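Report on the structure given below.
The values are calculated or read from the model by the stated rules, or taken from the named source; none is laboratory data. Computed from a predicted model, the values in this text were never measured in an experiment. Every residue, glycine as well, gets a Cβ built from its backbone with ideal geometry; the counts of neighbours run over all protein chains shown.
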Amino acid sequence: MERKCPHCGEMVEEMRGDCAKCGGDLNAEGLRMLLMEQKGTMAKTLEQLDAERNKSAALGVRVDELEERVKQRNIELALGGDPNETRPRPVNLGNVIRACMNKSWNGFEYEREAAEIGAERWRALSTQAIGTGGAIIPPEYLPQEMIELLRAKVIVEALGARVLSGLTGSPVTIPKLAGGAVASHIAENFAKQVSDQSFSELSMVPHEVAAATVYSKRMALMSNPSVDMIIQEDLLATLALAIDYMALFGTGAGNEPVGVLNTPGITAYTLANDTGNGAVPIPDDVDDIQYQLEAVNSNMARVGWAWNPRTKTVFKKMRDESGGAGTQTGGWLFRQDIKEGNLDGLPFQQSTQIPINRTKGTSNDCSYIMLADWADLVLGYWGGLEVATSDQAEGTFLKNQVIIKVSMLYDVAVRHPQTFVVTDGVRG
């Protein structure tokens, strides 16, 4: 379009601002011309799209037409050979690819006929093997369906352990009443006997748990989903499982905290049928274990069971011994309880971190059952979770790698060891 002033007709370089000759406003006319140009461009684009659509329609064959042709035409005639020929001429895969690239079947009529009829006698283009067509079928990648690692369950906090966060000093001490006053009966006019309380401390010091991994910057740039998030989530889950395990089984050696099992003073229970080599629990054990907890005057604040999933199966299969000890002839005792997440009214948590390969006597397939008031287990955390990355560490800079590290300071303490009833020698 020629650029002329709509007021005086003078040629102008740009349709904006004011006309240099008459001073008229050029903006409105310039906007109109721009819209006209865009409308023309859009019309041309639509014409091109229609042309492509028509070309694609000409190349395609409707499904119902294909079915009709398959019914009506004899495959031997379609092959263009001897009607008695039992082995068709193979389809040239290269021709099929070239036809697709050219958007035309000209010169490749045989391949088109094979594709349209789709008879079983032709050699199929398989998606299973590269040599039979898989090379031209791109894989479908679903990053949103990232398959996670199967892990043990974190159970200690779920059972009700006390959590103290934001600790700063070390050691952290918690006063503890170790002994109370003693009451006595006295005669008239005799002096009252004096008894004092005794106190002790529960001490907690930080233990560091950390996990780290190395990956290349190229992986970080090209990965989908982001390798950074995958690695970070994996490391965090690893830390959570490590803390959970130490809360139960920490030895106090090698920078480990002392967990429940190795805390002096816990209550040990032996299964009724255990003669030294472990045993399978029986119904009486359920009552006796609970009695051990009640007998030490537990507050019963957050009572729950902890075991390996194998042990849950033992209780789920347990029947009433109405026909005598060991007969298992009556109805299910705890099946409904187990389905509802409890055993005899007390909730349970299970984890494969509780082993099933302990040795007791001659048996090497033993496990633990723990029943406790989990409010007497304290988890203390100093500061927060630290996540750090570096590409300057030794060796990583020249290799174009990154190190990511997560760490945390924590400790485990047991307020009343006797409220933890631990049964060893549990077989399945």
Inside the stretch 269-380, counting only helices (runs of 4 or more DSSP H) that do not spill past its ends, which hold 2 or more residues that are at pLDDT 95 or above and closer than 30 Å to ALA242 by Cβ? 283-295, 309-316
Got a number for residues in the stretch 395-428 being crowded, with 18+ Cβ neighbours inside 10 Å, of a type outside the set (D, E, K, R) and either part of a strand (DSSP E or B) or touching a Cys at 6+ places or on another chain (Cβ under 9 Å) (or both)? 16
Residues (hydrophobic (A, V, I, L, M, F, W, C) and under 22 Å from ASN308 (Cα atoms)) located in the stretch 155-169: ILE155, VAL156, ALA158, LEU159, ALA161
Quick one: ASP274 ticks every box in (1) within 24 Å of ILE155 (Cβ to Cβ); (2) surrounded by 16 or more Cβ atoms within 10 Å (Cβ to Cβ) except a single one, so which number is it? (1)
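Taking the stretch 189-216 as the search range and keeping residues that are β-branched (Val, Ile, Thr) and at pLDDT below 90, which one is surrounded by the fewest Cβ atoms within 10 Å (Cβ to Cβ)?
Step one: filter the stretch 189-216 for residues β-branched (Val, Ile, Thr), giving 194, 205, 209, 213-214.
From the residues that got through so far, the ones that are at pLDDT below 90 too are 194, 213-214.
Working: VAL194: 8, THR213: 15, VAL214: 14.
Top of the filtered list is VAL194.
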